[in-house]
Structure formats: structure tokens, C-alpha cells
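The values are calculated or read from the model by the stated rules, or taken from the named source; none is laboratory data. Only a predicted model underlies this, so the values are computations on that prediction, with no experimental measurement involved. So basically every Cβ, Gly included, is an ideal-geometry build from the backbone, and we count neighbours across all protein chains shown.
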Amino acid sequence: MDWGMKNRLASILSPKSGRCVMLAVDHGYFQGPTSGLQKPGETVAPLVEHADALMLTRGVLRSTISADVRIPIVLRASGGTSILQDDLSDEDRHVDIQDAVRLNVAGLALSIFVGSKNERRSLTNLAKLCDEGQQYGIPVLAVTAVGKEMVRDARYLGLASRIAAELGATIVKTYYCEDFEKVVAGCPVPIVIAGGKKIEERDALKLAYDAVSAGASGVDMGRNIFQSKWPVQMIQAVRGIVHEGKTADESWDWFQHAIG
Ligand code: R5P
């Protein structure tokens, strides 16, 4: 691995622990003005100091994030569908590598849709992005997106995660599921988990704890942080689990105390 690739990767995953709390705010790329992200710059402002990396689109980056903010950027590079479509797998790569370099990103992210009718296209897009990432020293985060009809179990998520790694992804983002250890065991690169739809804070903390206990390298979490009534305390509580070895209960106690 070349120095640039190693350096960018070390800015996302802690070189000491290999762990990461990534804040995901890219939802608007297919959901439009997602609840909590109507003004993404305002949402993100108090959270960046607690995040190891920020995942978003170039439009939101350029228009709402100040260039002097010191946070590694993981740039979503795929899109092309909206929530109005039944089939969300009809995505393509929408950011070229030169733009990623201009934006000084630490990583690029692209969704793959294993099991969908666009499986081959999304996997080919991932492989090409990984080629270009290698050429320019930019790590690629593969997002194992799931369709409505896909079961989020260890067999399916393990399959999608392993394929992403085989095609060259540097990090894989997937969902937590029962037997998550099997997903991690079958994937030779670090895995981070998405948080999914907003759930109770205590449950989201347990999700993060269960994931890292099963071998995840951390989280790439969005709605369970920015849709919380207490986003700053929530991201800190997640950090407690990912970086400080707190249990779900310890982190929940901390959170309750922090929100008064
Ligand atoms: C989904 O396609 C986006 O990439 C989100 O970044 C991802 O789902 C993580 O956000 P959340 O924790 O809200 O699921």
C-alpha cells in the first residue's frame, strides 16, 4: 500500500485501534431533504469535532461545509435514483477521480446491490472505482445497500461484504445482523456498520456495542445520531463504545447523565 493510501486510511480508521466513528449525512442523495438534514451544514457543525470522518456528497460538501473544517471526508461517489423509484439499485458512479482529488477526500464510497437486477453494474462500478482509488491513493468504502426484498441476515450480508472486499474495497459498510461474527470472519477488510432507521437511543447504543463486540471496526452512523434530540451526546456515547471500550449499559448511563 502506498504512503498516500495508508495516510488517508489512517485518517479514517485510528492507526492505534483500527476503529472509527464515521458520521453519515449522505442520505439526501436519494431521499432529498431527509429529516434532520434539511440544513446539513447546521446539523453537522456541532458534531464534526466528535467524528473521525464525515460521509457525504460533493454537493453538500461544497455548499455547506467550510473548507477549514478539519475532518476527513468520505465522499459518496454513486447515485442516480430517488425514493420515488421501486428499485433503488439503478445507481451509477457519479464522481470522477479528479473531482475527488480536488475535494481532498480521504475516501470514496459507492453502493453495491448484490442480488438486485443491477448487481453486475454496481459491482463493476466498484471494481473500477477501486482501480482508480489505487492509482490515486484513495481508499474505497463499499456500501452493501439492501433492497426491500433482501433479507438482512449473515448469509446475505456476508456474501455482499466478501464480494466487496474481493473486488478491492478498502473498507466495507454493512448492517448489523444476528451472527455478525460470521460476516466479519468472512471479510478480509475492516467492516463498519450503518445505524439504519432511527431507533431509541439505548437500542442504537446496544447495536453499536454488539457490532464492535462481534468484530466491527466501528460505525458509519447517520440517523441514530442526527435525528436524536441529543445528537452531540449521542455521538459521544457512540464514541465511548467504539473508542473507550464502554459497554452498552455504561454508555447509556453516560448518555443519560450527559442529557441531564
Ligand atoms: C445510505 O445509503 C447511506 O449511505 C447512509 O449513509 C447509511 O445508510 C448510514 O446512515 P444510517 O446510519 O442513517 O443508516
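Looking at (1) surrounded by 20 or more Cβ atoms within 10 Å (Cβ to Cβ); (2) out of contact with any Cys (no Cβ under 8 Å at 6 or more places or on another chain), which is the one condition that is false for residue 182?
Going through the list (1) surrounded by 20 or more Cβ atoms within 10 Å (Cβ to Cβ); (2) out of contact with any Cys (no Cβ under 8 Å at 6 or more places or on another chain), residue 182 breaks only (1).
Counting residues that are within 16 Å of the ligand (Cβ to nearest atom), which helices (runs of 4 or more DSSP H) fully inside segment 186-260 reach at least 2?
Because the criterion is at least 2 residues that are within 16 Å of the ligand (Cβ to nearest atom), the helices (runs of 4 or more DSSP H) in segment 186-260 that meet it are 201-213, 223-226, 231-244.
List pairs: first in segment 95-112 and without any contact (Cβ under 8 Å) to a residue 60 or more places away in the chain and under 25 Å from residue 174 (Cβ atoms), second part of a loop (DSSP other than H, G, I, E, B) and not hydrophobic (A, V, I, L, M, F, W, C), Cβ under 7 Å, 6+ apart or cross-chain?
Listed pairs, sorted by first residue: 111/91.
Condition (residue is within 20 Å of the chain's Cα centre (by Cα), over 16 Å from residue 171 (Cα atoms) and either small (Gly, Ala, Ser) or part of a loop (DSSP other than H, G, I, E, B) (or both)) applied to segment 126-144: is it met by at least one residue?
No, segment 126-144 contains no residue that is within 20 Å of the chain's Cα centre (by Cα), over 16 Å from residue 171 (Cα atoms) and either small (Gly, Ala, Ser) or part of a loop (DSSP other than H, G, I, E, B) (or both).
Condition check: out of contact with any Asp or Glu (no Cβ under 7 Å at 6 or more places or on another chain) and more than 15 Å from the ligand (Cβ to nearest atom). Does residue 120 satisfy that?
Considered against the rule, which asks whether it is out of contact with any Asp or Glu (no Cβ under 7 Å at 6 or more places or on another chain) and more than 15 Å from the ligand (Cβ to nearest atom), residue 120 comes out as yes.
Being without any contact (Cβ under 8 Å) to a residue 60 or more places away in the chain, of a type in the set (S, T, N, Q) and under 19 Å from residue 52 (Cβ atoms): is that true of residue 228 here?
yes
List every residue pair whose Cβ atoms lie under 6 Å apart, where the two residues are 6 or more positions apart in sequence or sit on different chains, the first residue falls within segment 241-260 and is in contact (Cβ under 8 Å) with a residue 40 or more places away in the chain, and the second residue, located anywhere, is not in a helix (DSSP H, G or I) and not basic (Lys, Arg).
Hits for this filter: 242/21; 242/218.
Is it the case that residue 111 is within 13 Å of the ligand (Cβ to nearest atom) and either part of a loop (DSSP other than H, G, I, E, B) or surrounded by fewer than 14 Cβ atoms within 10 Å (Cβ to Cβ) (or both)?
no
When residue 74 is evaluated against the numbered criteria (1) closer than 29 Å to residue 165 by Cα; (2) out of contact with any Gly (no Cβ under 6 Å at 6 or more places or on another chain), which criterion, by number, is the only one it fails?
Single failed check for residue 74: (2).
Within segment 134-153, track down each residue that is surrounded by fewer than 20 Cβ atoms within 10 Å (Cβ to Cβ) and either among the acidic types (Asp, Glu) or at pLDDT 95 or above (or both).
If the condition is that a residue be surrounded by fewer than 20 Cβ atoms within 10 Å (Cβ to Cβ) and either among the acidic types (Asp, Glu) or at pLDDT 95 or above (or both), then 134, 135, 136, 137, 149, 153 are the ones that fit.
Each row is one residue, and each column tells you yes or no for (1) without any contact (Cβ under 8 Å) to a residue 24 or more places away in the chain; (2) closer than 21 Å to residue 195 by Cα; (3) in contact with a Lys or Arg (Cβ under 7 Å, 6 or more places away or on another chain).
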{"position": "3", "(1), (2), (3)": "no, no, no"}
{"position": "18", "(1), (2), (3)": "no, yes, no"}
{"position": "63", "(1), (2), (3)": "yes, no, no"}
{"position": "73", "(1), (2), (3)": "no, yes, no"}
{"position": "77", "(1), (2), (3)": "no, yes, yes"}
{"position": "84", "(1), (2), (3)": "yes, no, no"}
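Just checking, how many residues over segment 215-232 are polar (S, T, N, Q) and over 22 Å from residue 172 (Cα atoms)?
Looking only at that region, the number is 2.
Tell me, please, whether a residue that is in contact with a Lys or Arg (Cβ under 8 Å, 6 or more places away or on another chain) and buried (at least 24 other Cβ atoms within 10 Å of the Cβ) can be found in segment 121-133.
yes
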